[in-house]
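Single-structure report; data block below.
The values are calculated or read from the model by the stated rules, or taken from the named source; none is laboratory data. Quick caveat: nothing in here was measured; it's all calculated off a predicted structure. Cβ sites come from the backbone with ideal geometry, for glycine too, and all protein chains shown count toward neighbours. The protein model used for the area step is the full one, side chains on, heavy atoms only, and it has no ligands, DNA or RNA in it. Shrake-Rupley method; radii C 1.70, N 1.55, O 1.52, S 1.80 Å.
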Amino acid sequence: MVKNYEEKIKDLLDKMTVEEKAGQLRQCGPSLVGAFEVSFEELLNMMFDGRISQEEFGRLMSTAKQDFREEDLRAGRIGSYNGIKDARTVNRLQKIAVEETRLGIPLLFGYDVIHGYRTIYPIPLAESCAWEPDLWERTGRMAAREATAAGVHMTFAPMVDVAKDARWGRVSEGAGEDTYVNCCYGESKVKGFQGDDLTKEDAMAACVKHFAGYGAGEAGRDYNRVDMSMQRFYEEYLPPYKACIDAGARAIMPAFNDLWGVPCSVNPWLLMDVLRKDWGFDGLTVSDSNAIAECVDHGIAKDRSDAAVQAIYAGMDLDMSSDVYHENLVQLVHEGKVPVDVLDRAVADVLRLKFELGLFDHPYKTSAEREAQTLLTKENRSLAREAAVKSMVLLKNEGHILPLTPGTKIGVVGSLAKERAEMLGAWAIGAEGEDCVSLVDALEERKQPFEYFENVQDALDFDGVIIAAVGERKDMSGEAASRACIELPKDQEEILKALAGAGKTVVAVLLNGRPLAMPWTAQNIPAILEAWHPGVEGGNAIADILFGDENPGGHLTVTFPGASGQCPMYYAHINTGRPGGRGKFTSKYLDAPIEPVYPFGYGLSYTEFEYGDLKVTPSGDSLEICVTVRNAGKRTGSTVIQCYFRDLVAKRVRPVKQLADFAKVTLEPGEYVQVAFSLEYSRLGYYDMAMNYVLEDGDFEIFVGQNSQDCLSETVTLTF
Ligand code: NOJ
């Protein structure tokens with residue numbers, strides 16, 4: 001239950017000067033200006049274009065002297081920091097805010113805790129493939145315990161940008177292509193991060209991002225324009241943000257992109273009408289990094305001062321890293337261009353969150369001792385391992401090569417099997433590469449005899465099973481890491497081709513941050529495990545699955561296309577008037593199939609599941625759906641039972657399938673279970689041309705199965 005702090009906020013606002021108010025809206029990162037001979041941006045570029053290694057970059061960063069702008073802090077000109085990663089520094093700065101500023105308003109510390117703080121668990125895309133809300137919440141809780149111990153009050157997560165285009169690098173940071181999966185994932189993360197009481201020392205506010213539609217950037221290019229029908233926006237893209245707000249998220253980050261030509265950072269319709277009026281949100285809006293200033297580059301503001309006016313009017317509260325508010329707001333208020341009540345509304349949102357986090361009563365929510373005891377514990381590592389195992393998806397297992405039987409002679413190729421830091425994936429800024437267990441480490445730890453080949457040519461005479469760890473390096477996905485061609489990188493595919501060409505028995509372990517287009521691999525390599533970027537315990541989790549200590553149960557939350565040119569490719573497409581088929585004049589390609597290589601929802605197990613007895617019964621205001629699922633194989637295993645529907649005839653074209661619900665079950669060999677879904681009629685509607693949400697009587701097809709293509713189905717006629 002969120003307490004009401006409005007009186008206290010008003011009292012404070014009455015005491016604050018305009019300068020102090022503007023200070024509350026300023027979020028700074030530690031400045032590295034002057035720390036190197038080149039600018040920080042140039043240093044980053046040097047790393048990206050290979051002039052210095054990542055290690056060298058890391059070393060320079062860790063030895064650089066950071067400037068926290070303490071004079072500004074003392075003068076009440078800073079309300080928040082981001083990117084500070086230790087309890088001691090956090091407490092030192094907090095002490096200045098509380099003891100040395102005129103009003104003693106505590107600071108708010110934000111950080112990108114995306115898939116763990118120090119104990120990195122699988123990237124969000126991977127974790128979503130576990131289809132397990134309870135796991136998503138538990139890892140969120142662990143991340144909050146660690147991050148808050150290091151002094152973090154708010155995480156810039158979860159990212160619930162529905163991502164249907166695998167070219168977009170940030171597909172790795174969210175829960176995939178489906179709206180409903182993103183809703184469930186977002187809700188669980190908000191609960192996990194925030195816990196049941198924000199004032200507790202281990203609770204961290206969730207800043208949901210990127211509001212809105214950031215995942216739909218044209219051509220999969222990061223930061224690109226987003227333009228779609230209002231119907232699609234409301235049906236497919238908005239619900240996950242709303243689900244997070246309904247779950248109690250206390251902050252939200254407007255996206256970099258423009259929507260219908262208006263950047264989200266200065267979009268009053270989005271930030272005021274939708275977010276605050278329609279959804280009743282009274283939390284904090286936090287700009288994306290430098291996003292307010294970028295309104296000048298968008299060509300929507302004539303200068304930084306204009307950007308400040310537009311942003312504050314639109315409802316943007318906290319300015320992350322651009323200093324546009326800091327430089328302009330005071331003068332704008334004095335000139336009468338920004339009324340004080342407009343400023344106050346934004347400041348109130350910052351103060352409210354500080355009150356809700358209990359910072360006025362307990363500004364020091366951590367200590368260096370707590371930090372030392374909390375990070376990377378055995379218990380946290382074990383949860384990261386569980387999450388990694390559950391995230392992995394067995395894509396192919398011809399001839400039951402996997403699990404490897406004891407005594408199998410094993411060879412390993414691929415640098416990704418060795419490079420610890422590559423396990424982390426995008427956004428693991430609180431972690432160290434050395435925290436990770438690589439596949440090679442895991443094999444050594446298990447005392448599993450194996451031979452590692454630096455060079456694939458040396459493996460061609462090996463007469464055992466070869467595990468080839470191939471995929472994308474971690475900086476090939478994440479922010480600013482879109483790829484026009486999402487094929488397996490050439491050097492990686494060449495490893496597989498050399499092995500297959502020499503007739504080797506190959507198990508491909510894929511480490512990557514997005515769906516890959518790899519038709520050759522899918523055809524020619526007999527066993528493929530999608531391990532994603534699995535986090536600190538990745539190597540152990542891979543070994544657990546390869547050797548059969550664990551049975552893989554992950555299912556894809558994204559479609560794997562066969563060619564980059566098929567992007568965006570997703571299961572919930574529309575039928576068109578000429579559905580793709582053999583005829584000439586149908587919706588298809590001349591040079592690529594229209595089918596995916598692996599469909600949404602797909603995933604194998606070391607056992608097999610049979611589905612039967614689908615029953616669909618209308619009852620009151622819902623459909624009761626029941627199916628029997630049996631473990632028909634010889635091993636205990638888990639599967640994800642997916643329930644979809646299709647509105648067969650409607651006044652607007654509807655997707656060929658929409659996920660309605662899912663359930664995960666674990667069954668012993670021979671065991672069966674009846675799984676029931678209750679699908680409320682209100683879920684079956686859509687937005688008509690006038691943007692009214694309507695339920696239309698008629699026929700609906702209900703599907704239940706273990707992936708979006710392999711389903712039982714039944715049609716019912718409904719009258720609402
Ligand atoms: C830019 C990214 O878009 C956003 O997701 C992140 O939270 C901020 N930078 C802060 O690092």
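Counting only helical runs of four or more DSSP H residues, what would the 222 nm mean residue ellipticity of the chain come to if each run contributes -39,500 (n - 2.57) and the total is spread over all its residues?
So the calculated ellipticity at 222 nm is -8000 deg cm²/dmol.
Looking at segment 203-318 only, what percent of DSSP beta bridges run antiparallel? Nearest 5 please.
20 percent
For LYS337, which lysines qualify as cross-link partners when the Cα separation must be under 19 Å and same-chain residues fewer than eight apart are set aside?
Of all the lysines, those that pass the test against LYS337 - Cα under 19 Å, at least 8 places apart if same chain - are LYS21, LYS302.
What FRET efficiency would be calculated for the residue pair GLN709, ALA75, taking the C-beta separation as r and a Förster radius of 45 Å, to the nearest 0.05?
Calculated value: 0.15.
ASP361 versus LYS10, label points 7 Å from Cα toward the beta carbon: distance in nm?
In this crude label model, ASP361 to LYS10 measures out at 2.2 nm.
If the cut-off is a Cα-Cα distance under 18 Å, which lysines reach LYS497, setting aside same-chain residues fewer than 8 apart in sequence?
Result set, ordered by chain and number: LYS396.
Which trypsin sites (Lys or Arg not before Pro) does segment 259-315 hold that lie in a coil by DSSP with at most 16 other beta carbons within 10 Å?
Counting only loop positions with at most 16 other Cβ atoms within 10 Å, the trypsin sites (Lys or Arg not before Pro) in segment 259-315 are LYS302.
If you take the beta carbon distance between LYS447 and GLU19 as r and set R0 to 41 Å, what does 1/(1 + (r/R0)^6) give as a FRET efficiency, to the nearest 0.05?
Calculated transfer efficiency: 0.05.
Give the peptides 338-348, 708-718 in descending order of average Cβ contacts within 10 Å, highest first.
338-348, 708-718
Arranged from highest to lowest average of other beta-carbon atoms within 10 Å per residue, in what order do the peptides 591-598, 162-169, 177-184 appear?
162-169, 177-184, 591-598
Past 23 Å, Cα to Cα: identify those pairs from LYS3/LYS365; LYS8/LYS354; LYS418/LYS490; LYS164/LYS615; LYS200/LYS277, in the order given.
Going by Cα-Cα distance, LYS164/LYS615; LYS200/LYS277 fall outside the 23 Å limit.
What Rg and what Dmax come out for segment 432-565 when only alpha-carbon atoms are used, in angstroms?
14.9, 44
Given R₀ = 22 Å, what would the calculated FRET efficiency be for THR617 paired with VAL649, taking r from the Cβ atoms and rounding to 0.05?
Using R0 = 22 Å, I get an efficiency of 0.55.
Roughly speaking, what is the stretch gain from GLN331 to GLU218, that is 0.36 nm per residue apart minus the C-alpha to C-alpha distance, in nm to one decimal?
Stretched fully, the GLN331-GLU218 segment lengthens by 36.9 nm.
Mind giving me the nanometre distance, one decimal, between the label points for ASP246 and ARG59, set 7 Å out from Cα along Cα→Cβ?
5.3 nm
Report ³J(HN,Hα) in whole Hz for each residue of segment 668-680, in order, from the Karplus equation J = 6.51 cos²θ - 1.76 cosθ + 1.60 where θ = phi - 60°; Gly and Pro get x.
These are the phi-based 3J(HN,Hα) values: 6, x, x, 6, 9, 8, 9, 10, 10, 10, 10, 10, 5 Hz.
In the chain, what percentage of the DSSP-assigned beta bridges are antiparallel, given to the nearest 5?
Looking only at bridges with both residues in the chain, the antiparallel portion is about 60 percent.
Got a number for carbon plus sulfur as a percent of the chain's accessible area, 1.4 Å probe?
Here carbon and sulfur together make up 49 percent of the probe-accessible area.
What angle do you read, to the nearest 10 degrees and between 0 and 90, between the alpha-carbon axis of helix 6-15 and the longest principal axis of the chain?
The angle comes out near 40 degrees.
How long is the gain from ARG225 to GLU454 if the chain were fully straight, where each residue apart is worth 0.36 nm and the alpha carbon distance is subtracted?
Here the segment from ARG225 to GLU454 would lengthen by 78.1 nm.
Return one whole number: the accessible area per residue of the chain in Å², for a 1.4 Å probe.
Here the per-residue accessible area is 39 Å².
Report the full-extension gain for the segment GLU369 to LYS95: residue separation times 0.36 nm, less the Cα-Cα distance, to one decimal in nm.
This chain segment gains 96.9 nm when fully extended.
As a test question: what accessible area, to the nearest 10 Å², does LYS497 have when a 1.4 Å probe is rolled over all protein chains in place?
Ignoring ligands and nucleic acids, LYS497 comes out at about 90 Å².
Hey, can you rank 447-458, 389-400, 627-638 by average C-beta count inside 10 Å, highest first?
389-400, 627-638, 447-458
Could you tell me what % of all Cα pairs in the chain have separations over 50 Å?
14 percent
Using alpha carbons only, how many degrees (0 to 90, rounded to 10) separate the axis of helix 179-194 from the longest principal axis of the chain?
Taking Cα atoms only, the helix is inclined about 50 degrees.
Using label points projected 7 Å from each Cα along Cα→Cβ, tell me how many nm separate LYS497 and ASP86, to one decimal.
Here the answer is 4.8 nm between the modelled labels.
Can you list the aspartates and glutamates whose alpha carbon is less than 14 Å from that of LYS242, not counting same-chain residues fewer than 8 positions off?
Straight-distance partners of LYS242: ASP161, GLU187, ASP273, ASP278, ASP282.
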